[in-house]
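The values are calculated or read from the model by the stated rules, or taken from the named source; none is laboratory data. None of the values given here were measured: they were computed from a predicted structure. Cβ coordinates were reconstructed from backbone atoms using ideal geometry, including for glycine residues, and neighbour counts include every protein chain displayed. All accessible areas refer to the heavy atoms of the entire protein, side chains included, with ligands and DNA or RNA removed. Shrake-Rupley method; radii C 1.70, N 1.55, O 1.52, S 1.80 Å.
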Amino acid sequence: MSVNDEAELSWLRSETAPIAAAVRAGTPFWGICLGVQLLASSLGARVWAGAEPEVGVLPVELTDDALADPVFTGLPRSLPALQWHGDTFDLPDGAVRLAGSDAYPNQAFRYRNAYGLQFHLEVSTAMALEW
């Protein structure tokens, strides 16, 4: 699913305005995969199809900003993460890039109290096997 699937998934149209309003008001937000696309799009950034899908447990490289960020502090600079996407995004104005991979340089960002991750840190082994 992509934030650009609005023609087939009309409910996506109603998601970006409330996200943008909440984030700009300082409400914490955590978006993973489609969530990072919704966050980026809600803040005016372009979401687009990447050159090829990125699927599997692949390395993600944290930036210096991530290593100093309270959410990412203590993680190694390179970490294995489940990837399952074909879209990518530009960083919204004012966002801080936190992670990237060789295929997709924008893998995570922070905008005020909002975080978006393209990769899946929340997936346990059992969940991955089920997927």
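Table for the structure above
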read-out: Residue list for segment 113-131, restricted to those being among the small types (Gly, Ala, Ser) and open to solvent by less than 10 Å² (accessible area, probe 1.4 Å); value: Ala114, Gly116
read-out: Selection count where residues are exposed (fewer than 12 other Cβ atoms within 10 Å of the Cβ), aliphatic (A, V, I, L, M) and more than 16 Å from the chain's Cα centre (by Cα), scope segment 11-60; value: 4
read-out: Checklist (1) modelled with pLDDT of 95 or more; (2) within 28 Å of Ala128 (Cα to Cα) applied to Gly35, failing item; value: (1)
read-out: Selection from segment 81-94 of residues that are farther than 19 Å from Val3 by Cα and at pLDDT 95 or above; value: Gly94
read-out: From the options Pro28, Pro53, residue that is modelled with pLDDT of 95 or more and not charged (D, E, K, R); value: Pro28
read-out: Where Ser78 falls short, out of the listed (1) at pLDDT below 95; (2) over 17 Å from Ala114 (Cα atoms); value: (1)
read-out: Tally, over segment 61-74, of residues that are buried (at least 19 other Cβ atoms within 10 Å of the Cβ) and small (Gly, Ala, Ser); value: 1
read-out: Test: residue in segment 117-131 that is farther than 15 Å from Ile32 by Cα, part of a loop (DSSP other than H, G, I, E, B) and of a type in the set (Phe, Trp, Tyr); value: yes
read-out: Whichever residue in segment 75-112 is under 15 Å from Gly56 (Cα atoms), part of a strand (DSSP E or B) and free of Cβ contacts under 8 Å to residues at least 40 places away in the same chain and, among such residues, is least open to solvent (accessible area, probe 1.4 Å); value: Gln83
